[in-house]
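Beneath this line is the structure, given in structure tokens, with notes to follow.
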Amino acid sequence: MAKIMSETAYKATMERIEELLSLVDEDTPMSDKNLIELELLSNLVADYDDEHYPIKRPSLMDVIKLRMYEMKINQNKLSEMLNVSPSRVSDYLTGRSEPTLKIARDISKKLDIDANIVLGV
């Protein structure tokens, strides 16, 4: 099998992977037929997933909201941290406005978000 061609084949392959997972562990030799089959099927599933269920790059808004949640801060606290108005933070979080380079740098540093994500690189 070179490629999974349908959702039915995908589901059947996933079921077989579940069966194989119970037959192998970290001590299974690399030459074991179950481990070999598991690796081959896993690669096929990964290819199918990449094609049919791609993971999109998160938006800056989503990343900022996640960091705010993780840091347990609200929009008012973020506005204080960035030294901008709460309405400006709201504009960033809704996509109505993009941060200036200075604010983008502050977002990166103060929220510990990779600069490439903040700059959209």
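The values are calculated or read from the model by the stated rules, or taken from the named source; none is laboratory data. Keep in mind that what you see is a predicted model, and the values were worked out from it rather than measured. Using ideal geometry, Cβ is built from the backbone for each residue, glycine included, and neighbour counts are taken over all protein chains shown.
Give just the number: which of (1) within 21 Å of I117 (Cα to Cα); (2) surrounded by 14 or more Cβ atoms within 10 Å (Cβ to Cβ); (3) of a type outside the set (S, T, N, Q) does D62 not satisfy?
(2)
Within region 78-121, considering only helices (runs of 4 or more DSSP H) that don't extend past its boundaries, which have at least 1 residues that are at pLDDT 90 or above? Quick ask: steps written out before the conclusion?
Values: elements: 86-94, 101-110, 115-119.
In region 78-121, the matching helices (runs of 4 or more DSSP H) lie at 86-94, 101-110.
Quick one: would you say E19 is more than 30 Å from D106 (Cβ to Cβ) and not aliphatic (A, V, I, L, M)?
Values: more than 30 Å from D106 (Cβ to Cβ): yes; not aliphatic (A, V, I, L, M): yes.
Yes.
Looking at P58 and the list (1) more than 19 Å from the chain's Cα centre (by Cα); (2) part of a loop (DSSP other than H, G, I, E, B); (3) of a type outside the set (V, I, T), which single condition is not satisfied?
(1)
Mind checking which residues of region 7-25 are among the polar types (S, T, N, Q) and not in a helix (DSSP H, G or I)? Please lay out each step first, then the result.
As a first pass, look at region 7-25 and keep what is among the polar types (S, T, N, Q): 8, 13, 22.
Hit for region 7-25 is S22, nothing else.
Kindly evaluate I4 against the criterion of being surrounded by 13 or more Cβ atoms within 10 Å (Cβ to Cβ) and outside any loop (DSSP other than H, G, I, E, B). Break it down into steps so the answer makes sense when it comes.
Working: surrounded by 13 or more Cβ atoms within 10 Å (Cβ to Cβ): yes; outside any loop (DSSP other than H, G, I, E, B): no.
Judged against the criteria, I4 is not a match.
So which of D32, D62, D47, D27 ends up being touching a residue at least 24 places away in the same chain (Cβ under 8 Å) and among the charged types (D, E, K, R)?
On inspection, the qualifying residue turns out to be D47.
Six or more apart or on different chains, Cβ atoms under 7 Å: show the pairs whose first residue is in region 95-121 and over 23 Å from K72 (Cβ atoms) and whose second is surrounded by 17 or more Cβ atoms within 10 Å (Cβ to Cβ) and among the hydroxyl-bearing types (S, T, Y).
A115/S108
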